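Peer 1: Following this message is one structure expressed as structure tokens.
The values are calculated or read from the model by the stated rules, or taken from the named source; none is laboratory data. Everything numeric here is computed off the predicted structure, so don't read it as measured data. So basically every Cβ, Gly included, is an ideal-geometry build from the backbone, and we count neighbours across all protein chains shown. What goes into the accessible areas is simple: the full protein's heavy atoms, side chains included, and nothing from ligands, DNA or RNA. Shrake-Rupley method; radii C 1.70, N 1.55, O 1.52, S 1.80 Å.
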Amino acid sequence: MRIALLGGTGDIGEGLALRFARDTDHEILIGSRDPEKARDAVAEYENELADRGAEADVKGFANEMAADRADVVVLSVPPYYVGDTVEGVADSLDSDTVLVTPAVGMQGDEDGLHYHPPSAGSVTELVAQRAPDEVPVVGAFHNLAADALANLDNELDLDTLVVADDEAAGDTVRTLANEIVGLRALEAGPLANAAEVESVTPLVINIAKYNEDMHDVGVKWI
């Protein structure tokens, strides 16, 4: 498959790109509003992977071109860019494209981070509202620490919760997630449950904030 990471030059995009490139045989497409920035990121990722003896198929494009070529499109952009990013690539999406969002709305104060969903109820539901009607939307990878993903020396033992209204799209994303070594994907129901999934993220970050020995906190359900 071809997996496009729009905003793949950022933290969560880098982590997912490196993990998918190292642990799977899928073609990884790095998208950015600036295609030159995407190509620069690809060079960095390829060097990182080569240093670890991994060969990977990674290419860089403008977001629209990456989305047009992909089977799965991950919106690895901050939540306040998600809606505009979806609309910017809408013409490159169709019913055969699975659109994935890991974004979470949060606000911070001196106490920590707090869940701050959009009026749609969750960022995942916002993406579903802004995406073309025929494009299946899946929420996944919300509660993962970007630094933990991007550090390939870090062995994962984590879960990611997946929400989807389209059963086949949810199955596709869970299968992909399970191909990342040390990551287990769990079904968490339809998109209506996305707020509960997303709200775990600020909790995880706050735990890391207040416990010095727990910098890269994640979630494991037992």
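Peer 1: Can you tell me the accessible area per residue over the chain, all protein chains present, probe 1.4 angstrom, in square angstrom?
Peer 2: Per residue, the chain has an accessible area of 47 Å².
Peer 1: So which lysines pass the test for Lys59, namely a Cα distance under 17 Å, with those fewer than 8 places away in the same chain ruled out?
Peer 2: Excluding near neighbours in sequence, the set is Lys37.
Peer 1: Now for a separate question. Would you mind telling me which residue in Ala169, Ala38, Ala120 has the biggest mean-square fluctuation in a Gaussian network model of the chain, where springs connect alpha carbons within a distance under 10 angstrom?
Peer 2: Ala120
Peer 1: So what J values fall out for segment 210-215 if you push phi through Karplus, 6.51 cos²θ - 1.76 cosθ + 1.60 with θ = phi - 60°, rounded to Hz, Gly and Pro as x?
Peer 2: Once θ is set to phi - 60°, the couplings for segment 210-215 become 9, 10, 4, 8, 10, 5 Hz.
Peer 1: Please identify every one of the GluC sites (Glu not before Pro) in segment 73-166 that sits in a loop by DSSP and has no more than 12 other beta carbons within 10 Å of its own beta carbon. Kindly include the intermediate steps, with their values, before the conclusion.
Peer 2: Numbers: sites: Glu87, Glu110, Glu125, Glu134, Glu155; in loops: Glu110, Glu134, Glu155.
For GluC sites (Glu not before Pro) across segment 73-166 that sit outside H, G, I, E and B with at most 12 neighbouring Cβ atoms in 10 Å, the list reads Glu110, Glu134, Glu155.
Peer 1: Using a Gaussian network for the chain with springs between C-alpha atoms less than 10 Å apart, which of these wobbles most: Leu152, Leu29, Leu16?
Peer 2: Looking only at Leu152, Leu29, Leu16, the largest GNM fluctuation is found for Leu152.
Peer 1: Quote the charge dipole size of segment 1-137 about the Cα centre in Debye, to the nearest 20; the model charges only the Cβ of Lys and Arg (+1) and of Asp and Glu (-1).
Peer 2: Computed charge dipole of segment 1-137: roughly 60 debye.
Peer 1: Apply the a/c threshold of 1.5 to the C-alpha gyration tensor of the chain and tell me whether it is rounded, prolate or oblate. Spell out each step's value before the answer.
Peer 2: Numbers: a/c = 1.42, a/b = 1.06, b/c = 1.34.
The shape class here is rounded.
Peer 1: Using +1 at the C-beta of Lys and Arg and -1 at the C-beta of Asp and Glu, which of Ala185, His116, Val127 has the Cα lying farthest in the positive direction of the dipole of segment 116-185?
Peer 2: Positive-end residue among those listed: His116.
Peer 1: If I ignore ligands, DNA and RNA and count only protein heavy atoms, how much of His215 is accessible to a 1.4 Å probe, in Å² to the nearest 10?
Peer 2: 120
Peer 1: Taking all protein chains in place and a 1.4 Å probe, what share, in percent, of the accessible surface of the chain do carbon and sulfur account for?
Peer 2: Accessible surface attributable to carbon and sulfur in the chain totals 44 percent.
Peer 1: Under the classification rounded if a/c is under 1.5, otherwise prolate if a/b is larger than b/c and oblate if not, where does segment 108-170 fall, given a ≥ b ≥ c as square roots of the Cα gyration tensor eigenvalues?
Peer 2: Note, shape of segment 108-170 comes out oblate.
Peer 1: Evaluate the relative contact order of segment 160-219 (contact order divided by residue number), counting alpha-carbon pairs under 8 angstrom at least 6 apart; express in whole percent.
Peer 2: That works out to 31 percent.
Peer 1: Cut-off 15 Å, label point 7 angstrom out along Cα-to-Cβ of Asp51: give me the residues of segment 133-169 whose amide nitrogen falls inside.
Peer 2: Correct set: 150-154.
Peer 1: Provide Asp166, Asp96 ordered by accessible surface of protein heavy atoms (probe 1.4 Å), highest first.
Peer 2: Asp96, Asp166
Peer 1: When the chain is treated as a GNM, springs tying every alpha-carbon pair under 10 Å, which of Gly13, Gly139, Gly53 comes out with the largest mean-square fluctuation?
Peer 2: Judging by the Gaussian network model, the answer is Gly53.
Peer 1: A further question on this structure: Mean residue ellipticity at 222 nm from the helices of the chain, using -39,500 (n - 2.57) per DSSP H segment of n ≥ 4 over the full residue count, to the nearest 500 deg cm²/dmol?
Peer 2: -12000 deg cm²/dmol
Peer 1: From the phi of every residue in segment 142-147, what ³J(HN,Hα) in whole Hz does the Karplus formula 6.51 cos²θ - 1.76 cosθ + 1.60 yield, where θ is phi - 60° and glycine or proline is x?
Peer 2: Whole-Hz 3J(HN,Hα) from phi for segment 142-147: 5, 9, 9, 6, 4, 5.
Peer 1: May I pose another question? Which residues' amide hydrogens lie under 5 Å from the amide hydrogen of Asn143, considering only partners 5 or more residues apart or on another chain, with H built in the peptide plane?
Peer 2: For Asn143, whose amide H was placed from the backbone, the distant partners under 5 Å are Leu161.
Peer 1: Kindly report, to the nearest 10 Å², the accessible surface of Arg184 as traced by a 1.4 Å probe over protein heavy atoms only.
Peer 2: About 90 Å², ignoring ligands and nucleic acids.
Peer 1: May I ask for the Kirkwood hydrodynamic radius of segment 1-123, worked out over all distinct Cα pairs and given in angstroms to one decimal?
Peer 2: Details: mean 1/r = 0.0674 Å⁻¹.
Result for segment 1-123 stands at 14.8 Å.
Peer 1: Short version: ³J(HN,Hα) in whole Hz for each residue of segment 116-122, in order, from phi by Karplus 6.51 cos²θ - 1.76 cosθ + 1.60 (θ = phi - 60°), x for Gly and Pro, what are they?
Peer 2: 9, x, x, 4, 5, x, 6
Peer 1: What is the spin-label model distance, in nm, from Arg184 to Gln129 if the labels are put 7 Å beyond Cα along the C-beta direction?
Peer 2: 3.5
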